[in-house]
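Single-structure report; data block below.
The values are calculated or read from the model by the stated rules, or taken from the named source; none is laboratory data. Every value quoted in this text rests on a predicted model; they were computed, and no experiment measured them. Glycine gets a Cβ as well: all are built from the backbone with ideal geometry, and neighbour counts include every protein chain shown.
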Amino acid sequence: MATWLPLRESDRLTWLQNFALKLNTYVGTAGIVAADVTAVNFYRDIFLWTINRTDQVRTISQDLTEWKRILTEGPIGTPIGAVPTAPTYPAVPMGTPVAGIFPLIIALAERIRNTAGYTTAIGEDLGIVPPVSGAPLGDPTFELVALPGSEVRVNWVKSSADGLLVESQRAAEVAWTVLGTDNNSPYLDARPPLAAGQPEVRRYRGRYIVNDEPVGNYSAVASVTTIP
């Protein structure tokens with residue numbers, strides 16, 4: 001489970017109410033669209049409805065249990081009152097309930113955090129930044145060293161993070177490829193070149209990892225030309 005998501009139900013409801021409210025202000029930013037807001041608003045409403053109904057059922061269960069105790073055990077002559085009646089539910093929020101609303105929300109948060117336009121400030125406002133202990137992380141920094149055989153050594157500064165998520169582009173590539181995560185510097189990129197025996201430009205960026213999750217901003221993009 002995401003470390004930024006509260007564990008207690010009451011705290012989770014408060015978090016979700018804030019997330020739904022703030023998400024609407026970022027439509028058009030970090031890949032957030034109106035459909036995301038509609039979905040999250042429904043998740044909030046159905047979650048709140050379910051919590052309230054659970055409370056209703058718990059209350060009637062307690063009332064009926066107490067009524068049964070008086071009915072069966074006395075004391076004799078104790079006023080028993082009317083049989084507790086089952087609660088009437090209000091209408092279910094409009095929408096189609098789906099399984100796993102919080103895994104869906106976590107997936108949405110990860111999509112936002114990995115989309116162009118995302119900033120730590122947005123993440124903090126939405127409440128989707130994992131707590132970080134120790135010194136502030138800052139943005140990752142690293143040095144690239146071209147080695148013979150088309151290998152590249154990525155020297156990076158660990159700061160107080162647990163590791164680094166490393167991504168790369170080669171030559172004319174426009175999509176970023178996730179190379180993996182590294183717990184200790186340096187990271188070695190030993191991929192062969194796209195064109196055998198030829199030098200190529202490789203670009204790298206990274207995000208810190210804390211508690212197995214990417215946090216904060218991407219580093220500045222750095223590039224190097226490989227040595228065949």
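Tell me, yes or no, whether segment 209-228 has at least one residue that is acidic (Asp, Glu) and modelled with pLDDT of 90 or more. Walk me through how you get there before you give the answer.
Here is the first cut: in segment 209-228, the residues acidic (Asp, Glu) are 212-213.
With the extra rule that they be modelled with pLDDT of 90 or more, the set shrinks to none.
Within segment 209-228, not a single residue is acidic (Asp, Glu) and modelled with pLDDT of 90 or more.
Of all residues in segment 1-17, count the ones that are in contact with a helix residue (DSSP H, G or I) (Cβ under 9 Å, 6 or more places away or on another chain) and surrounded by 13 or more Cβ atoms within 10 Å (Cβ to Cβ). Walk me through how you get there before you give the answer.
If we filter segment 1-17 for residues that are in contact with a helix residue (DSSP H, G or I) (Cβ under 9 Å, 6 or more places away or on another chain), which is where we start, we get 1-2, 4-6, 9-10, 12-13, 16-17.
Those still in the list that are surrounded by 13 or more Cβ atoms within 10 Å (Cβ to Cβ) too: 2, 4-6, 12-13, 16-17.
Within segment 1-17, residues that are in contact with a helix residue (DSSP H, G or I) (Cβ under 9 Å, 6 or more places away or on another chain) and surrounded by 13 or more Cβ atoms within 10 Å (Cβ to Cβ) number 8.
Could you tell me which residue of segment 61-95 is surrounded by the fewest Cβ atoms within 10 Å (Cβ to Cβ), considering only residues that are hydroxyl-bearing (Ser, Thr, Tyr) and within 29 Å of LEU48 (Cβ to Cβ)? Break it down into steps so the answer makes sense when it comes.
Start the filter on segment 61-95 by keeping residues that are hydroxyl-bearing (Ser, Thr, Tyr), which leaves 61, 65, 72, 78, 85, 88-89.
Applying the additional criterion that residues be within 29 Å of LEU48 (Cβ to Cβ) yields 61, 65, 85, 88-89.
Details: SER61: 11, THR65: 10, THR85: 9, THR88: 6, TYR89: 11.
So, considering only residues that are hydroxyl-bearing (Ser, Thr, Tyr) and within 29 Å of LEU48 (Cβ to Cβ), the one surrounded by the fewest Cβ atoms within 10 Å (Cβ to Cβ) is THR88.
State all residues of segment 52-84 that are part of a loop (DSSP other than H, G, I, E, B) and in contact (Cβ under 8 Å) with a residue 24 or more places away in the chain; if no residue qualifies, say none. Give the steps one after another, and end with the answer.
First pass over segment 52-84, keeping only residues part of a loop (DSSP other than H, G, I, E, B): 74-84.
The answer is PRO84, and nothing else.
Given the residues ILE46, ILE32, which is the only one that is surrounded by 14 or more Cβ atoms within 10 Å (Cβ to Cβ), of a type outside the set (D, E, K, R), in the same structural domain as PRO97 (by TED's automatic domain parsing) and within 19 Å of ALA121 (Cβ to Cβ)? Lay out the reasoning, then the answer.
Working: ILE46 fails: within 19 Å of ALA121 (Cβ to Cβ).
Unique residue meeting the criteria: ILE32.
Could we say that THR226 is under 24 Å from ALA116 (Cβ atoms) and either exposed (fewer than 14 other Cβ atoms within 10 Å of the Cβ) or among the polar types (S, T, N, Q) (or both) here? Reasoning before the result, please.
Numbers: under 24 Å from ALA116 (Cβ atoms): no; either exposed (fewer than 14 other Cβ atoms within 10 Å of the Cβ) or among the polar types (S, T, N, Q) (or both): yes.
The answer is no for THR226.
What number goes with the only condition from (1) within 25 Å of TRP156 (Cα to Cα); (2) at pLDDT below 90 that ALA86 does not pass?
That leaves (1) as the condition not met.
Please verify whether segment 2-13 includes one or more residues that are β-branched (Val, Ile, Thr) and not assigned by TED's automatic domain parsing to the domain that holds GLY117.
Within segment 2-13, the subset β-branched (Val, Ile, Thr) is 3.
Still in the list and also not assigned by TED's automatic domain parsing to the domain that holds GLY117: 3.
Looking through segment 2-13, at least one residue is β-branched (Val, Ile, Thr) and not assigned by TED's automatic domain parsing to the domain that holds GLY117.
Looking at segment 172-223 only, could you name the residues that are among the hydroxyl-bearing types (Ser, Thr, Tyr), in a strand (DSSP E or B) and crowded, with 18+ Cβ neighbours inside 10 Å? Reasoning before the result, please.
Here is the first cut: in segment 172-223, the ones among the hydroxyl-bearing types (Ser, Thr, Tyr) are 177, 181, 185, 187, 204, 208, 218-219, 223.
Cutting the leftovers down to in a strand (DSSP E or B) gives us 177, 181, 187, 204, 208, 223.
Residues satisfying the conditions are TYR187, TYR204, TYR208.
Of the numbered conditions (1) in contact (Cβ under 8 Å) with a residue 40 or more places away in the chain; (2) assigned by TED's automatic domain parsing to the domain that holds VAL37, GLY163 fails exactly one; give the number of that condition.
The one condition GLY163 does not meet is (2).
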